[in-house]
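Following: one structure in structure tokens, then a few remarks.
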């Protein structure tokens, strides 16, 4: 710095910070040789704190207000420099302005997925991201651990540090709490508060920071999300089936269609095995329906039991299940090789092998009459 800059620095006697950005956390007031005039004016605005540092040692601090720098309001500085009867102008000291306002736009995220143990899906990898709101709580620790000899510290310089701290804290929290993958998304608010506590214990005494809040959004693998969606749909379907057993035909058609679709998508599988699997599933559904009907048909004191209904059959038609139909409705529309199923049957069976359908394939006309030829004459007597 030249002589002109030195003279200009000595003439300036107002120390203040007018930067209104929230991204700057700390700023050192520039002075030639750090020389400050006796009686200089110090202006500290709201949301700021001024810190005087002499030879690397933290001295006096000033809250928001307007001050005239004299021996009376610099007690620590006077003790350090030995000002018994006031100090001669100028005196040397570094002045840092600390931003005490919260920084609200710090984003974080897990750089790598976190592996956790889930009771339903086994080992699952999850990711998380969100926002973190912090502010400087202890300027002395922040000055010693973060600022050091820098003339300015921005939020970007500690953002990467905070991301590593939050990611590690998130991993430790998930492993210690033992929450499963499905419960993570339902407890995000509760877990966000716990994560804030985990992070706070790692940045207060270490960096002089205070964590106001942490928000997070947990992402599950696509296959887990799809499985959860299928599980919800299946639960709705089964509840609808139990609440409306009379719609058994529609339920069975859906199950049979699912089985046939699986067989079409698996050319290497056996068609008979798929058909048996579908039949077993439908038989179980029929057993549930029978139990429900038996409970509904128990005699009561209010009236006679309901009249039993005729047995109905489902048939295989163009690769899909159709029905149910009564025996009379099936007359002339099926063949002995048509696959059929009814309540109580273990699997789909050819119609010709079902005793209840045997009359459909019996000859339609009467049996032939006996022969009308005259009887043969008796043999002559033996001689």
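Modelled spin-label separation between residue 33 and residue 349, with each label point placed 7 Å from Cα along the Cα-to-Cβ direction: 11.2 nm. Annotation: extensible slack from residue 45 through residue 105 equals 19.4 nm (criterion: 0.36 nm per residue apart, minus Cα-Cα distance). In this simple spin-label approximation, residue 83 and residue 337 carry label points 7 Å from Cα along the Cα→Cβ vector, and these lie 11.2 nm apart. The alpha carbons of segment 48-104 occupy a box of 46, 24, 16 Å along the principal axes, longest dimension given first.
Determine, for 357, 161, the number of other Cβ atoms within 10 Å of each Cβ, and report the residues in order from fewest to most.
Values: 357 22, 161 14.
With the fewest neighbours first, 357, 161 line up as 161, 357.
In nm, what is the difference between 0.36 nm times the number of residues separating residue 205 and residue 326 and their Cα-Cα distance? Spell out each step's value before the answer.
Working: separation 121, 0.36 × 121 = 43.56 nm, distance 8.13 nm.
Working it through step by step, the gained length comes to 35.4 nm.
Scaled to the globular estimate 2.2 N^0.38 Å, the Cα spread of segment 57-185, given as radius of gyration, is 1.66.
Got a sec? How would 341, 27, 83 order by Cβ neighbour count within 10 Å, fewest to most? Intermediate values should be presented prior to the final figure.
Details: 341 25, 27 20, 83 15.
Sorted ascending by nearby Cβ count, the order is 83, 27, 341.
Just subtract the alpha-carbon distance of residue 197 and residue 140 from 0.36 nm times their residue separation and send over the number in nm, one decimal.
18.3 nm
Here, segment 134-221 has an Rg and a Dmax of 14.9, 48 Å when only alpha carbons are counted.
When a footprinting reagent is the concern and you count Cβ atoms within 10 Å, what order do 20, 204 take, fewest first?
Working: 20 9, 204 15.
Sorted ascending by nearby Cβ count, the order is 20, 204.
None of the figures in this text is laboratory data; all of them are computed from the coordinates on show. These numbers come from a predicted model, not from an experiment. Neighbour counts are summed over all protein chains in view; Cβ atoms, including those assigned to glycine, are modelled from backbone coordinates with ideal geometry.
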